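Okay, structure first, notes after.
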Amino acid sequence: MAFGRRRQADEPEKGPEATEEPAEAVDEDAEEAPAQADGAEGGPWDSEDSFPEMQRLDFGSMQVPIAPGLGFQVNFEATQVDEEGNPLDGRPVAVLVQYEESAMQLQVFAAPKRSGIWEDVRRETAKDIQEEAQGQTQEGEGPFGPELLAMIPAALTEEVLAEMPAEVREQIPDEFVEQGWAPQIIRFLGVDGPRWFLQAVVQGAAIEDEEQWQVLEDVLRGVVVVRGDAPMPPRDLLELQIPKEFSEAGEDGEEQGGEETFNPFDRGPEITEVR
């Protein structure tokens, strides 16, 4: 699945398969005006815009707002593996914003100067969900313009159930356990900016809980995208960096076997890095 495909269960997506387009699609000298962020009153913002000042974590190509109750993870994609396929090294490909029982994955990509790519990405994502994951999709209009709601069957094998925390397992209806799968609802949002495309993938309670969604929506509106001047093929992932706050928190952290994590409002935050 192109752009932001999520794995079933709770494993975060490592990142998209970037689709290279002909070199002429990247025309830095074109006279046309760049695509603008449609449908959003305010942000997300381009770094060249005049945007409101607030505390943000600097991920290089993305600056993401901080607020009480939020947690952050950086998801990695393996760039080197050993003979058995175990990752040896990796690059950061996504920022995961967590709030209560909700999560929002953020990724930012290069886009053509002449037009946005969200319409094509949305169509391709829907096709892949239907054909590859045997899921269902529905388009709608949201606060940032057109968006996609997907239902993907998530396997509930004995192994999956055994790994779940008891409080999560108890909330699963017996009918889902008996049939061996549960509907997983995923919300895809996209914003076309000047030579960039920002995608947000939302899961969890925020799909139906307006209060939790509002917190994530405010985060998305406050994102600042730093595109840079370097020519890039459309759909290439913009480079992410690890904020200095993660490194500072990691000095007192411990190995847990996951992603790099950081909670700026939690006393003694822990950091985990897995390659």
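Kindly indicate whether any position in the range 3-24 is within 13 Å of the chain's Cα centre (by Cα), hydrophobic (A, V, I, L, M, F, W, C) and modelled with pLDDT under 90.
Yes, the conditions are met somewhere in the range 3-24.
Using the structure shown, decide if residue 206 is in contact with a helix residue (DSSP H, G or I) (Cβ under 9 Å, 6 or more places away or on another chain), in a strand (DSSP E or B) and more than 18 Å from residue 119 (Cα to Cα).
no
Can you tell which of 219, 226 is at pLDDT 80 or above and either over 15 Å from the mean Cα position of the chain (by Cα) or surrounded by fewer than 16 Cβ atoms within 10 Å (Cβ to Cβ) (or both)?
Of 219, 226, the one residue that is at pLDDT 80 or above and either over 15 Å from the mean Cα position of the chain (by Cα) or surrounded by fewer than 16 Cβ atoms within 10 Å (Cβ to Cβ) (or both) is 226.
The values are calculated or read from the model by the stated rules, or taken from the named source; none is laboratory data. Keep in mind it's a predicted model, so treat the numbers as computed, not measured. Note: ideal-geometry Cβ built from the backbone for every residue, glycine included; neighbour counts use all protein chains shown.
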